[in-house]
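Student: Take a look at the following structure, please.
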């Protein structure tokens, strides 16, 4: 079944024409999180109209970076971006603008569905996903099904579990000490600038301070990169143990831009091996097979399974 997948991120939007787990056409473009949801939808529609496969699509999958009620197909809560989204009936928008049905889901949950159906999670009954992007997204599979909860928040708020109380950092959600405030890509520039060696670091002139820049600096032996990366790894390790203890997965899937940094995957695996209290077996850590496409593939899987 051919669908249009819409992956709305904090700084980018991905539009994909997907058919039975195969991405046939992809468009990626930047977007400001300060835009209203109405403005974003106008941009999405204009971009989608230019996709050759749109006319043969039978549905729209919409992945949203917030709390989504899949039963009512409404956005319930979003942190610091697209704040008018809860006022918009996206099902009606899809029907009126494209004549298509719509499935709305949290973006990390969609990514996990994609990896469980077509990627790293195939053959597993339970898994947790840790998505390291602009923020930190999480999602959980148990007994072969996505955990949703009564209002859609179960499993997806791992980025806002507090991991620090000694000099805790302010998170964009208003809380202090959240995992995201120590390991989300949005937090890395501030963490780097706070380092006493920043003025001598390669990061001082970097166009963008993200995990890719940190990894390159680490290879060059830059002290600031090594410290910031090490501390972000420590935060993600703590978050990973929290996910394992809360949801008892067989597998932890790393997704997002940092997922294929070998040092990060190794650090989390070693930390789980040492500290995760799972006497019935070792929790495997795997990188997502399709980190750039797993959300779109997950949206496709929702229509296929329906």
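The values are calculated or read from the model by the stated rules, or taken from the named source; none is laboratory data. What you are looking at is a predicted structure, and each value in this text was computed from that prediction instead of being measured. Methodologically, a virtual Cβ is constructed for each residue, glycine included, from the backbone with ideal geometry; neighbour enumeration extends over all protein chains shown.
Student: Anything in region 23-34 that is under 20 Å from residue 104 (Cα atoms), out of contact with any helix residue (DSSP H, G or I) (no Cβ under 8 Å at 6 or more places or on another chain) and surrounded by fewer than 17 Cβ atoms within 10 Å (Cβ to Cβ)? List them, or say none.
Tutor: 28
Student: Look at region 72-85 and say how many of its residues are modelled with pLDDT of 90 or more and out of contact with any helix residue (DSSP H, G or I) (no Cβ under 8 Å at 6 or more places or on another chain).
Tutor: Matching residues across region 72-85 total 0.
Student: Any idea which residue in region 55-73 is farthest from residue 10 (Cα to Cα), counting only those that are without any contact (Cβ under 8 Å) to a residue 60 or more places away in the chain and crowded, with 18+ Cβ neighbours inside 10 Å?
Tutor: Across region 55-73, the extreme among qualifying residues is 57.
Student: With the requirement that a residue be within 21 Å of residue 135 (Cα to Cα) and not in a helix (DSSP H, G or I), what does region 251-281 give you?
Tutor: Those that are within 21 Å of residue 135 (Cα to Cα) and not in a helix (DSSP H, G or I): 252, 253, 254, 255, 256, 257, 258, 259, 260, 261.
Student: A follow-up question, please. Right, residue 205: modelled with pLDDT under 95, farther than 28 Å from residue 78 by Cα and surrounded by fewer than 23 Cβ atoms within 10 Å (Cβ to Cβ) or not?
Tutor: Numbers: modelled with pLDDT under 95: yes; farther than 28 Å from residue 78 by Cα: yes; surrounded by fewer than 23 Cβ atoms within 10 Å (Cβ to Cβ): yes.
In short, yes.
Student: In addition: Here are the criteria: (1) surrounded by fewer than 22 Cβ atoms within 10 Å (Cβ to Cβ); (2) touching a strand residue (DSSP E or B) at 6+ places or on another chain (Cβ under 7 Å); (3) under 20 Å from residue 134 (Cβ atoms). Tell me which single one residue 180 does not satisfy.
Tutor: (1)
Student: Let me ask you something else. Can you pull out every residue in region 80-106 that is closer than 30 Å to residue 170 by Cα and either outside the structural domain of residue 67 (by TED's automatic domain parsing) or loosely packed, with under 14 Cβ neighbours inside 10 Å (or both)?
Tutor: Within region 80-106, 87 is the sole residue that qualifies.
Yes/no matrix, rows are residues, columns are (1) surrounded by fewer than 16 Cβ atoms within 10 Å (Cβ to Cβ); (2) in contact (Cβ under 8 Å) with a residue 60 or more places away in the chain; (3) in contact with a strand residue (DSSP E or B) (Cβ under 6 Å, 6 or more places away or on another chain):
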residue: 115; (1), (2), (3): no, yes, yes
residue: 127; (1), (2), (3): no, yes, yes
residue: 132; (1), (2), (3): no, yes, yes
residue: 139; (1), (2), (3): no, no, yes
residue: 142; (1), (2), (3): no, yes, no
residue: 149; (1), (2), (3): yes, no, no
residue: 159; (1), (2), (3): no, yes, yes
residue: 163; (1), (2), (3): no, yes, no
residue: 187; (1), (2), (3): no, no, no
